[in-house]
Amino acid sequence: MQLARAQQILHDTFGYHEFRGNQAQVVEAILQGKSALVLMPTGGGKSLCYQIPALMMDGLVIVVSPLIALMDDQVAALRAAGVAAGAVHSGTSGEEVRSLAEKIDSGSLKLLYVSPERLVSERFLRFLAHSNISLFAIDEAHCVSQWGHDFRPEYQQLGILAERFPNVPRVALTATADQQTRADIKHYLHLEDGVEFVSSFDRANIYYQVIEKNNGKKQLLDFIKQQMHGQSGIVYCLSRKSVEDVCQFLCENGLNALPYHAGLPIEMRSEHQARFTREENVIMVATVAFGMGIDKPDVRFVAHLDMPQSVEHFYQESGRAGRDGLPAVSWLCYGMNNLVLLKERIMESQIADVQKHIELEKLNEMFEVCETVACRRQQLLRHFGEHIEPCGHCDNCLHPPIRFDGTEWVQKLLSCVYRVGQKFAAGHVIDVLRGKNNENVSRWQHQKLSTFGIGEALSDKDWRNIIRQCLGQGLLLNDVYHYQALMLTQAALPVLRGEQTVMLRPLKRAKEATKVKNDDWLRTEREERIWQALRTWRRDLAKQENVPAYIICGDKTLREIVEKMPKNLAELNKIYGLGEAKIQQFGKKILEVCEPFQAA
Ligand code: ADP
Ligand code: ZN
């Protein structure tokens with residue numbers, strides 16, 4: 001009964017046809033007054049889990065959220081859907097606070113977003129004690145855990161809610177899944193007796209593409225120009241310097257790119273972030289400082305120009321693409337230098353040895369995802385404890401790399417590493433293999449070695465590739481204490497003795513394997529014109545209302561309008577993402593935009 005009503009609200013207010021994943025179960029549990037822990041991947045639809053109950057229950061839902069931008073965004077989206085919502089944070093004016101307080105008193109406000117530090121202040125708690133609170137929703141609940149990378153000490157104090165409001169249920173939501181974090185959330189927020197909802201972490205609409213780096217910037221430019229032109233995206237780099245460098249390069253090549261890193265003045269950072277969310281084709285080139293709180297649903301690609309330091313980082317960052325459920329791409333370009341640099345960073349960092357060991361393990365896991373010939377999604381999800389069949393739509397599934405017997409090349413490499421005394425880095429080993437008699441080679445008399453010139457047939461690039469694969473397969477190590485010198489491992493011995501073959505990934509990838517799948521929405525010329533007309537209308541309205549375009553309505557909504565060409569308000573009512581408030585506000589206008597294109 002209650003669920004039918006929830007379904008109705010889903011349709012009438014938010015314009016969606018059905019619940020996704022666990023949403024219905026979570027809504028039901030909350031309506032029954034249960035506390036819960038909800039794990040859903042980014043873009044899974046966590047917000048509706050408490051927003052719909054908020055509209056069905058008596059009283060006010062308090063939503064704890066760690067970032068101002070995040071709160072404002074959610075409130076804007078709710079108001080656009082006709083829901084009475086507000087936010088209180090350091091940027092809220094006194095006037096707004098008073099107006100919200102009145103609405104709370106009169107019982108008309110349904111959702112109030114608040115920062116954790118504000119919520120746990122004695123004054124605020126006392127205020128709440130006199131109000132009718134139906135639920136506490138704690139968003140980004142992983143911030144409670146020191147284990148994660150977004151630790152916020154104030155979150156740990158939220159445990160006080162259980163003591164002060166024992167009869168008000170709490171729901172904690174997060175996209176960070178590991179066991180330790182989960183345990184911390186339950187502990188600090190007193191959710192030991194709560195129901196747990198864990199969704200699959202698969203992001204089916206994201207296409208995963210991993211390529212080997214040879215000229216990263218150029219590869220990135222090609223990827224964007226040829227496959228992502230005019231789309232919003234994020235490019236992640238490892239250092240501030242490379243952010244600046246890559247951003248400049250993209251701009252020089254005619255793209256609309258903006259830099260973002262912790263070294264830039266805060267005003268510039270917020271301006272760039274605002275432009276990214278509001279404009280339609282901005283490419284944000286950033287360090288990992290950029291990310292949490294980016295709720296932009298229509299990010300079409302996330303590119304990593306360097307390998308991330310762990311699978312969790314990779315998944316969280318790439319997960320910012322395609323929150324609206326439309327096709328999106330995660331593009332990763334990795335190379336050996338990258339691996340070496342990250343290892344160096346870990347070894348030089350001021351952390352305990354045990355921790356260094358853990359970090360190195362995580363790095364290796366990420367490297368394995370890059371090197372695998374198996375399904376990428378399978379490898380990624382395994383990391384989160386999920387087992388799936390090969391997905392059929394990642395780069396490896398669509399263009400399976402055929403391994404070849406590379407034993408002979410590998411033997412040459414390993415013996416050369418041995419001959420130079422396991423004291424030289426990759427560059428020098430390659431020079432010897434390729435028979436380059438340069439200054440360094442002659443200084444060490446390496447032109448006299450039996451391995452000098454035995455690898456002439458392959459290019460530098462090929463040799464780097466083989467070395468990287470040998471590092472990946474554990475046949476070689478690089479000595480992080482000694483200028484990255486290559487060294488043999490125990491596993492190298494049987495290969496050298498000819499007792500074991502080594503299979504390698506192809507040295508050159510088939511051309512089509514480096515292309516991402518085309519978005520299958522092909523538009524006719526007429527459809528393209530309608531699409532553009534709708535986008536122009538949306539952009540103008542967004543400007544006028546001073547909100548991001550996606551708050552007006554998402555791409556998926558525009559797409560459905562183009563496909564279905566609604567002729568009247570009743571038909572608009574069936575379009576994805578259009579609830580009653582939006583139809584009332586601009587339904588007529590949409591029909592007007594479509595009108596000239598309607599078939600006679
Ligand atoms: P999360 O917080 O889990 O990352 P959001 O709550 O921001 O995800 O939801 C992601 C997007 O999916 C939003 O644009 C939201 O409106 C949309 N969405 C959520 N639930 C549904 C649903 N049942 N049907 C269609 N779209 C949905
Ligand atoms: Zn796959």
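The values are calculated or read from the model by the stated rules, or taken from the named source; none is laboratory data. Nothing here was measured: the structure is a model prediction, and the numbers come from that model. Methodologically, a virtual Cβ is constructed for each residue, glycine included, from the backbone with ideal geometry; neighbour enumeration extends over all protein chains shown. Accessible surface is based on the protein model in full, side chains and every heavy atom, while ligands, DNA and RNA are left aside. Shrake-Rupley method; radii C 1.70, N 1.55, O 1.52, S 1.80 Å.
Couple of notes before you dig in:
- Selection of first residues in the range 1-22 that are outside the structural domain of Leu578 (by TED's automatic domain parsing) and of second residues that are away from ligand 1 (no atom under 11 Å from the Cβ) and basic (Lys, Arg), restricted to Cβ pairs under 9 Å at least 6 apart or on distinct chains, gives the following pairs, ordered by first then second residue: Gly15/Lys582; His17/Lys574.
- Qualifying residue in the range 242-253 (condition: touching a Pro at 6+ places or on another chain (Cβ under 6 Å), at pLDDT 95 or above, of a type in the set (A, V, I, L, M, F, W, C) and surrounded by 22 or more Cβ atoms within 10 Å (Cβ to Cβ)): yes
- Some residue of the range 447-466 being part of a loop (DSSP other than H, G, I, E, B), in contact with a Lys or Arg (Cβ under 6 Å, 6 or more places away or on another chain) and open to solvent by 50 Å² or more (accessible area, probe 1.4 Å): yes
- Checking each residue in the range 317-350 for being modelled with pLDDT of 85 or more and β-branched (Val, Ile, Thr) picks out Val329, Ile346.
- When the helices (runs of 4 or more DSSP H) confined to the range 530-600 are screened for residues that are farther than 25 Å from Pro327 by Cβ, those reaching at least 1 such residues are found at 569-572, 580-594.
- Subset of the range 551-572 (residues that are touching a residue at least 12 places away in the same chain (Cβ under 8 Å) and closer than 24 Å to Ala6 by Cα): Ile551, Ile552, Cys553, Gly554, Lys556, Thr557, Glu560, Leu569, Leu572
- Of the residues making up the range 392-417, those that are open to solvent by 30 Å² or more (accessible area, probe 1.4 Å) and either in a loop (DSSP other than H, G, I, E, B) or within 16 Å of ligand 1 (Cβ to nearest atom) (or both) are Gly392, His393, His399, Pro400, Ile402, Arg403.
- The set of residues in the range 420-434 that are at pLDDT below 95 and over 17 Å from Asp479 (Cα atoms) is empty.
- The set of residues in the range 409-466 being closer than 20 Å to Arg505 by Cβ and basic (Lys, Arg) consists of Lys412, Lys461, Arg464.
- Top-ranked residue in the range 318-364 [being outside any strand (DSSP E or B), out of contact with any helix residue (DSSP H, G or I) (no Cβ under 8 Å at 6 or more places or on another chain) and among the aliphatic types (A, V, I, L, M); ranked as most open to solvent (accessible area, probe 1.4 Å)]: Val354
- One residue from Val299, Val311 being within 16 Å of ligand 1 (Cβ to nearest atom), open to solvent by less than 30 Å² (accessible area, probe 1.4 Å) and outside the structural domain of Ile551 (by TED's automatic domain parsing): Val299
- A search for C-beta distances below 6 Å between a residue of the range 359-377 that is outside the structural domain of Asn338 (by TED's automatic domain parsing) and any residue that is within 15 Å of ligand 2 (Cβ to nearest atom) and in a helix (DSSP H, G or I), counting only pairs 6+ apart in sequence or on different chains, returns nothing.
- Evaluation of Leu398 against the conditions (1) at pLDDT below 95; (2) more than 16 Å from ligand 2 (Cβ to nearest atom); (3) within 22 Å of Leu504 (Cα to Cα); (4) not hydroxyl-bearing (Ser, Thr, Tyr) shows that the sole unmet condition is (2).
- Any chance Ala76 is under 22 Å from Arg323 (Cβ atoms), touching a helix residue (DSSP H, G or I) at 6+ places or on another chain (Cβ under 7 Å) and assigned to a helix (DSSP H, G or I): yes
- The range 149-233 holds strands (runs of 3 or more DSSP E) entirely within its bounds, and those carrying 3 or more residues that are surrounded by 20 or more Cβ atoms within 10 Å (Cβ to Cβ) and within 16 Å of ligand 1 (Cβ to nearest atom) map to 170-174.
- Residue match in the range 407-419 (condition: more than 26 Å from Gln500 (Cα to Cα) and touching a Ser or Thr at 6+ places or on another chain (Cβ under 9 Å)): no
- Selection count, the range 25-70, where residues are within 13 Å of ligand 1 (Cβ to nearest atom) and either in a helix (DSSP H, G or I) or closer than 14 Å to Leu109 by Cβ (or both): 12
- Pairs where the first residue, in the range 260-280, is over 26 Å from Leu541 (Cα atoms) and the second is among the aliphatic types (A, V, I, L, M) and assigned to a strand (DSSP E or B), C-beta under 8 Å, 6+ apart: Tyr260/Met284; Tyr260/Val285; Tyr260/Ala286; His261/Ala286
- From Val97, Val26, Val83, Val88, residue being touching a Cys at 6+ places or on another chain (Cβ under 6 Å) and either farther than 25 Å from Leu125 by Cα or surrounded by fewer than 22 Cβ atoms within 10 Å (Cβ to Cβ) (or both): Val26
- Evaluation of Val120 against (1) closer than 21 Å to Thr42 by Cα; (2) more than 16 Å from ligand 1 (Cβ to nearest atom) (one fails), failing number: (1)
- Odd one out for Phe367, checked against (1) more than 16 Å from ligand 2 (Cβ to nearest atom); (2) under 26 Å from Leu507 (Cα atoms); (3) open to solvent by 80 Å² or more (accessible area, probe 1.4 Å): (3)
- Only residues that are more than 29 Å from Gly15 (Cβ to Cβ), of a type in the set (A, V, I, L, M) and surrounded by 14 or more Cβ atoms within 10 Å (Cβ to Cβ) were counted in the range 100-130, giving 5.
- Screening Leu522 on (1) of a type in the set (A, V, I, L, M); (2) within 29 Å of Cys397 (Cβ to Cβ); (3) at pLDDT 90 or above shows it passes everything except condition (3).
- Given (1) within 14 Å of ligand 2 (Cβ to nearest atom); (2) among the charged types (D, E, K, R); (3) closer than 16 Å to Pro41 by Cα, index of the condition Arg320 fails: (1)
- Filtered residue count, the range 29-50, keeping only those that are under 21 Å from Ala85 (Cβ atoms) and open to solvent by 10 Å² or more (accessible area, probe 1.4 Å): 7
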